[in-house]
Amino acid sequence: MAKWQQNIRAWIGRYFDLPSDVMLDLPRITTIGSIHVYIENHTGLLHFSDNEIRIQYKKGQVRILGSGLGIKMMLKEELLLEGELKSVEFLPDGQ
Amino acid sequence: MGNQHDFYQGTMNIRLKGSLIEPFLHACTRQGCQLSRVRRIGDDEVVLTIRLRDWPIMRKLRKKYRCKIEIIDGKGVPFLVKRMVKKTSLLLSFIAAVIFIFVLANTLWSIEVKGLSPELEASVEKKLKSYGVYPGKLTIGMDDPIEIQSKLLDDIPDLLWVGVKKQGTSYHLYGVEKTRQDLDENDRPSYLVATKKGMVIRSFIKKGRPLVSVYDIVKKGQPLATGELVEEGDVFVHTEGEVIAETWYKAEQQLPLKHILDLTSGEANYSYGLKIGSFKLPLWGWWKSDEGKVREEEVVTDWNVRDWTLPIQWQKKTAFQIDRVSFNQSKKELQEIGAKTARRSLLQQLGEDAAIKDEKVLHLGEEHGKVKLILLFKVHENIAETKYISQGD
């Protein structure tokens, strides 16, 4: 059922040329160089420390590694991180 | 973020402690909180900035997530106000000081009048007082210097011009007095007449035709010079000049041979007291008895607080010891004294221009313990007086 719904959504998105983050409930991650990360559409903050920040999204987690990380601003579905970025990793569920 | 809006709303820096920090923060944002500047400072410790209005939400949620919240500090208007209110006395004294300085700065402290005669100065000050401009008055609601200037010029006709300048807490007035010049009078046709009987010694007629010459004896009212230039003509001019004549005065004086004088010996007793209405309260020196004859002098000093006179007055009484001395003077001495006083009073009567040329003792007699002295003075003085001719009426 869920799989079918997902397929429909993907198809509508493609057909109407809609941005995929809106259609598929995926996070939109914008980085400004390696100093800022702007994450929209997340569903939760899982872990937060100077070196690692993990964020939950619909289908998994995003891991951001770096040093001196901090949250500049946190709203309901938005997150603005600052610090020295090293990597952004996606850890989908079920892996 | 530290924008203007947050400053007015107020923000707080807090420290979170607990093992469930991330879920707690997430729950807070879910409720609409806006968190910023989140930094981890320990394993289970985080500092962050929240908006003041999100504070109730956090308080509500902290129990569920077993977090300890510690407020570090607050920023923004609400905290400033709170701090101000806490220091009420400081605030009040600050306001009082501001008001005090404002009142002092707006009080007129001195009025300085320059360039005027003392009488005119006094009248200017009196007028200023009637406009409500006097030291100790608030300048708020006072007239403009320009207005005061025009009012003064209207009210005091003797003022030619007055400049009113406000300098800080004082008024500087600079006035120019009108010099009265009766120009028209000088040009009117006139002649000179004698005010007294006398013998002309010297005459100096600046304008007009002289009628008398040196050594002429003139009577009172006799014309000395005329403005009629030609004897048959109608030309009348103004006459001006001086006619110095020798005049004679007789002075009579009676002087007592024996003179009694009260002299203070220089010793005095002082006593001090307070005076309240008609009641007198002696304070010091009242026990000293006055021996012999004394002359008492009393000085009462008012005490003023601004314009208000206190009902209590300070009284200083001085009792001078008096020695009565009688003088006996000889006839010769009395004659000198008499001549001197007669001369002085004559000069006072005649004015500065007159000069006593000669004096003669006509009579010196003694009767009933008094000396009778009759003196004759020869004086040189100006006897010319301008008389105006009324024309064509």
Scan B:Gln321, B:Gln335, B:Gln313 and give me the residue that is closer than 30 Å to B:Phe279 by Cβ and without any contact (Cβ under 8 Å) to a residue 40 or more places away in the chain.
B:Gln313
If only one of B:Lys250, B:Lys258, B:Lys220 is of a type outside the set (S, T, N, Q) and at pLDDT below 85, which one is it?
B:Lys258
Selected residue (only one of B:Glu297, B:Glu359 is among the acidic types (Asp, Glu), touching a Lys or Arg at 6+ places or on another chain (Cβ under 8 Å) and over 30 Å from B:Leu375 (Cβ atoms)):
B:Glu297
Given the conditions (1) open to solvent by 50 Å² or more (accessible area, probe 1.4 Å); (2) farther than 23 Å from B:Asn13 by Cβ, report the number of the one that A:Asp21 does not fulfil.
(1)
Hey, can you tell me all the residues within the range A:57-95 that are within 16 Å of A:Asn41 (Cα to Cα) and either free of Cβ contacts under 8 Å to residues at least 12 places away in the same chain or not in a strand (DSSP E or B) (or both)?
A:Lys58, A:Lys59, A:Met73, A:Leu75, A:Lys76, A:Glu77
Which of the following residues is surrounded by 14 or more Cβ atoms within 10 Å (Cβ to Cβ), over 30 Å from B:Ala245 (Cβ atoms) and hydrophobic (A, V, I, L, M, F, W, C): B:Ile201, B:Ile148, B:Ile99?
B:Ile148
Taking interchain pairs and intrachain pairs at least six residues apart, which have beta carbon atoms under 9 angstrom, with the first residue in the range B:11-23 and on the phi > 0 side of the Ramachandran plot and the second aromatic (Phe, Trp, Tyr) and open to solvent by less than 10 Å² (accessible area, probe 1.4 Å)?
B:Gly18/B:Phe24
Of B:Asp353, B:Asp358, B:Asp302, the only residue that is in contact with a strand residue (DSSP E or B) (Cβ under 8 Å, 6 or more places away or on another chain), within 30 Å of B:Gly227 (Cβ to Cβ) and loosely packed, with under 12 Cβ neighbours inside 10 Å is B:Asp353
Going through the range B:126-141 one residue at a time, which ones are surrounded by 14 or more Cβ atoms within 10 Å (Cβ to Cβ) and closer than 18 Å to B:Arg306 by Cβ?
B:Leu128, B:Val133, B:Tyr134, B:Pro135, B:Lys137, B:Thr139
Consider the range A:14-57. How many of its residues are more than 14 Å from every other protein chain (Cβ to nearest Cβ), among the aliphatic types (A, V, I, L, M) and farther than 12 Å from A:Leu69 by Cβ?
7
Looking for something touching a residue at least 40 places away in the same chain (Cβ under 8 Å), within 14 Å of another protein chain (Cβ to nearest Cβ), open to solvent by 40 Å² or more (accessible area, probe 1.4 Å) and farther than 15 Å from A:Ile71 by Cα - is there at least one such residue anywhere in the range B:30-39?
no
Residue check, B:Leu346 touching a residue at least 60 places away in the same chain (Cβ under 8 Å) and either under 19 Å from B:Gly273 (Cα atoms) or among the aliphatic types (A, V, I, L, M) (or both):
yes
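So that you can scan it fast, the table gives a plain yes or no per residue for (1) within 9 Å of chain B (Cβ to nearest Cβ); (2) out of contact with any Lys or Arg (no Cβ under 8 Å at 6 or more places or on another chain); (3) over 13 Å from B:Leu25 (Cβ atoms); (4) of a type in the set (Lys, Arg):
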| residue | (1), (2), (3), (4) |
| --- | --- |
| A:Gly60 | no, yes, yes, no |
| A:Gly66 | no, no, yes, no |
| A:Lys72 | yes, no, yes, yes |
| A:Glu84 | no, yes, yes, no |
Assess whether B:Tyr65 counts as being in contact with a helix residue (DSSP H, G or I) (Cβ under 7 Å, 6 or more places away or on another chain) and away from chain A (no Cβ under 14 Å).
no
From the residues in the range B:40-53 that are open to solvent by less than 40 Å² (accessible area, probe 1.4 Å) and within 11 Å of chain A (Cβ to nearest Cβ), which one is farthest from the chain's Cα centre (by Cα)?
B:Gly42
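A quick yes/no check of all residues on (1) at pLDDT 85 or above; (2) in a strand (DSSP E or B):
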site	(1), (2)
B:Val176	yes, yes
B:Gln181	no, no
B:Tyr191	no, yes
B:Lys196	yes, no
B:Val214	yes, no
Kindly list the number of the only condition in (1) farther than 19 Å from A:His47 by Cα; (2) touching a Gly at 6+ places or on another chain (Cβ under 9 Å) that fails for B:Glu45.
(1)
Taking the range B:235-289 and keeping residues part of a loop (DSSP other than H, G, I, E, B), open to solvent by less than 40 Å² (accessible area, probe 1.4 Å) and in contact with a Leu (Cβ under 6 Å, 6 or more places away or on another chain) leaves B:Thr239
If you take the residues of the range B:1-29 that are modelled with pLDDT of 85 or more and aliphatic (A, V, I, L, M), which of them is most open to solvent (accessible area, probe 1.4 Å)?
B:Leu20
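The values are calculated or read from the model by the stated rules, or taken from the named source; none is laboratory data. This one's a predicted model, so the numbers in the text were calculated from it and none came from an experiment. A quick note on method: Cβ atoms are made from the backbone with ideal geometry, for glycine too, and the neighbour counts reach across all protein chains shown. Remember, those area values only see protein heavy atoms, side chains included, never the ligands or the DNA or RNA. Shrake-Rupley method; radii C 1.70, N 1.55, O 1.52, S 1.80 Å.
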